[in-house]
1. Output yes when any residue across region 542-555 is acidic (Asp, Glu) and within 18 Å of Thr505 (Cβ to Cβ), and no when none is.
2. Read through the list (1) in contact with a helix residue (DSSP H, G or I) (Cβ under 6 Å, 6 or more places away or on another chain); (2) closer than 16 Å to Gln84 by Cβ, then give the number of the only condition that Thr223 fails.
3. Kindly indicate whether Arg473 is closer than 22 Å to Arg423 by Cβ and either outside any helix (DSSP H, G or I) or open to solvent by 30 Å² or more (accessible area, probe 1.4 Å) (or both).
4. Among the residues of region 525-561, how many are assigned to a helix (DSSP H, G or I), under 22 Å from Leu494 (Cβ atoms) and not acidic (Asp, Glu)?
5. For region 476-494: of the residues being touching a residue at least 60 places away in the same chain (Cβ under 8 Å) and farther than 16 Å from Ala424 by Cβ, which is least open to solvent (accessible area, probe 1.4 Å)?
6. Starting from residues that are out of contact with any helix residue (DSSP H, G or I) (no Cβ under 8 Å at 6 or more places or on another chain) and of a type in the set (A, V, I, L, M, F, W, C), keep the ones in region 412-443 and report whichever is most open to solvent (accessible area, probe 1.4 Å).
7. Would you check if Thr561 is modelled with pLDDT of 90 or more, within 24 Å of Ala374 (Cβ to Cβ) and surrounded by 12 or more Cβ atoms within 10 Å (Cβ to Cβ)?
8. Select from region 501-524 the residues that are assigned to a helix (DSSP H, G or I) and in contact with a Phe, Trp or Tyr (Cβ under 9 Å, 6 or more places away or on another chain) and write down the one among them that is surrounded by the most Cβ atoms within 10 Å (Cβ to Cβ).
Amino acid sequence: MTATIDFDAPASPSASVAADGSLRRIVRGVPWPLLAAVALFFVAGAIGLVFLVAPDLKPLVFKQSLMRAFSAPLSRGGFLGADQLGRPLEWRLLAGLGISLGAAAAVTLIASVLGLAMGLLGGFFGLTADRLVTVVIDLTWAYPTILLAVVIAGILGPGVWTVIWALGLTLWAALARIVRAQVLVLREQDFVLAAQALGYSRFYIATRHLIPNLMPIVILMATLFVALTIIAEAGLSFIGLGAQSPTPSLGKTLAEGFSFASSSIWPLVFGALTMISLVIVLNAFGDRVRDILDPKGRVPLPGRRLRDAARRAEAALPARAVDRDAVIAVDDVSVAIHGRRGATTAVSDLSLTLRPGQTLGIVGESGSGKSLSARAITGLLPEGLSLSGGRVFWDGVDIAGLPAEKLRDRRGRFVAMVFQDARASLDPLYTIGEQVSESLAAHFPGPRRSFRPKVLEMLARVGLSDPEIFYDRYPHQLSGGQLQRAALAGVLVLEPRVLIADEPTTGLDATTQKKIVALVKALQREMNMSVIWISHDLDLVGEIADEIVVAYAGQPVEIGTVEEVLKRPAHPYTLGLLESRPQATMAPKSPLRSVGGTVPDPGDWPPACRFAPRCRRALAICGTTPPPMELFDEGSGRRLRCYNPEPGAAEAGA
């Protein structure tokens, strides 16, 4: 029996569900006073448009009475007073708000659609299209908006539509340029390359993958277009190209108020207040919506008060003993993710010690919290996360108590970090030499050219055989192994006491991996440096590390020397990782053993032992009581978080 796939089947309703979800996020994420202000302006604008078309209501906007001309507020002229022709200001402003918002919506629609389409065309549909779009953008920028308005006014006559077309046909160029620049970056991302490799058309990739990633920029620019339209409409109406009497608009009200300001200041005051408050509210709303819809910004950011509160709480705790010989000491650290529903713990109970010249390996599956632990140690937690408990000491100093400037100064010189994707961590616009020099310039005064000898020496030490040539090369001109060496040079040129290597050999072939490991070991001996090496590869960590931390679901489960952990694993998870490795004694085509299940996400951890659902040695207590991290072997200091350790290790530990 064979399965068939209907490629012509209708798409799933996920798009509409996503749209509904986005609307709910906007309603929940925007502060209610701001949401109420936006709704108030749009409802008022809609009512104003009704006043313009309803026969019974039109006289309120257009009826003149010279006896009430220039009336003050709260007088017979009306609640806000009257203009030079005795027309009540409140009705004129209400109708003008409707016209201005309608014009702004039309301009925003024209400019957004044109700008998005032209930016995509230039950035994703070939060199010829890019050159054509660039020329059109340059011509549009060179043609003044006022001159275009004059030309359109000669065709259509002065009025609101003249403003709409003049602004719509010029503002799009600003969005197109930004979209094009963003597309040039997005088209090189792996998810776009993967879609191309699957045979999707450019149009499908543009609509399915690029446009959703561009929407935050489009939304932000759209709010700016609304504000610019309202202001530009006022300017064009002021010189006679916009709304014509007796048609009201915010711009026309301001122009008339300015002309008769010597007789009554109120039309100018109320018109300006309406316009300023509208622009401020719309810009603030656009910023909020952009942050909510951006997939990278859905987690609310913790404010300064949150971080300060965490530091004050830690400062109130009694002082704990710190290993004075340790270059880095981590004491019961926890990391929390702050979301709309509260804080979710991502790392907990992290305690480790790194001594001078020691190499500490951290291993575990993806999602175990290895990289996040490293970020906590360096004080570089991403926005949305914070240190919710414990302390991190650098050379005996609690980094939570260090001022930001002092922390920045010690970062790089005391502790440095090299990341797994060397290509992504190097700026493609600068040469290798310039970027290594930048590390020195950030900490030492002096002209960049004075750093060249030091940089060349460092490039040679990391194994780039001809440093003069590599100094002037760009990242795209280097292979994967050369890039990793260049990244190491960028951090080791400062001669840090601690190097944190976050999976630095990922994506490299086995031969290059061994060369990088050998290089780090040699430089460690030369510089008397301590190293924290994060990896999935137990064999690789076994070659370089003195001590190993096995992490699972955000907490260490076993800590011990390489000899003990790799040869006599005590925790069932450690044994499972070791058994998952290919063995030289395995028969050809025999299946690899694996640890059943997956690492649970933060917030979905089991209430007691986090490994219990996947553990073949789980006991009843493992599902009810969290196992503590306890000393397993007094002689070696090995620690374990398990109620039922592996038998061989238990006998050795005894």
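1. Looking only at region 542-555, we keep the residues that are acidic (Asp, Glu), and these are 543, 546-547.
Cutting the leftovers down to within 18 Å of Thr505 (Cβ to Cβ) gives us 543.
Within region 542-555, one or more residues are acidic (Asp, Glu) and within 18 Å of Thr505 (Cβ to Cβ).
2. (2)
3. Numbers: closer than 22 Å to Arg423 by Cβ: yes; either outside any helix (DSSP H, G or I) or open to solvent by 30 Å² or more (accessible area, probe 1.4 Å) (or both): yes.
Yes; evaluated as a whole, the condition is true for this residue.
4. Taking region 525-561 first, the residues assigned to a helix (DSSP H, G or I) are 525-527, 538-544.
After this cut, where a residue has to be under 22 Å from Leu494 (Cβ atoms) as well, the list is 525-527, 544.
Pick out the ones that are also not acidic (Asp, Glu) and you get 525, 527, 544.
Counting residues in region 525-561 that are assigned to a helix (DSSP H, G or I), under 22 Å from Leu494 (Cβ atoms) and not acidic (Asp, Glu) gives 3.
5. From region 476-494, those touching a residue at least 60 places away in the same chain (Cβ under 8 Å) are 483-484, 486-488, 490-492, 494; that's our starting set.
Restricting the remaining residues to those that are farther than 16 Å from Ala424 by Cβ gives 492, 494.
Numbers: Leu492: 3, Leu494: 23 Å².
By that ranking, first place goes to Leu492.
6. Leu429
7. Working: modelled with pLDDT of 90 or more: yes; within 24 Å of Ala374 (Cβ to Cβ): yes; surrounded by 12 or more Cβ atoms within 10 Å (Cβ to Cβ): yes.
Yes.
8. Taking region 501-524 as the starting set, the residues that turn out to be assigned to a helix (DSSP H, G or I) are 510-524.
The next check asks that each one be in contact with a Phe, Trp or Tyr (Cβ under 9 Å, 6 or more places away or on another chain); those that pass are 517, 520.
Numbers: Val517: 20, Val520: 23.
Checked region 501-524; the qualifying residue surrounded by the most Cβ atoms within 10 Å (Cβ to Cβ) is Val520.
The values are calculated or read from the model by the stated rules, or taken from the named source; none is laboratory data. Computed from a prediction, not measured in an experiment: that's the story for all the values here. Cβ sites come from the backbone with ideal geometry, for glycine too, and all protein chains shown count toward neighbours. For the accessible areas, the whole protein counts, side chains as well, though only heavy atoms, and no ligand, DNA or RNA atoms are used. Shrake-Rupley method; radii C 1.70, N 1.55, O 1.52, S 1.80 Å.
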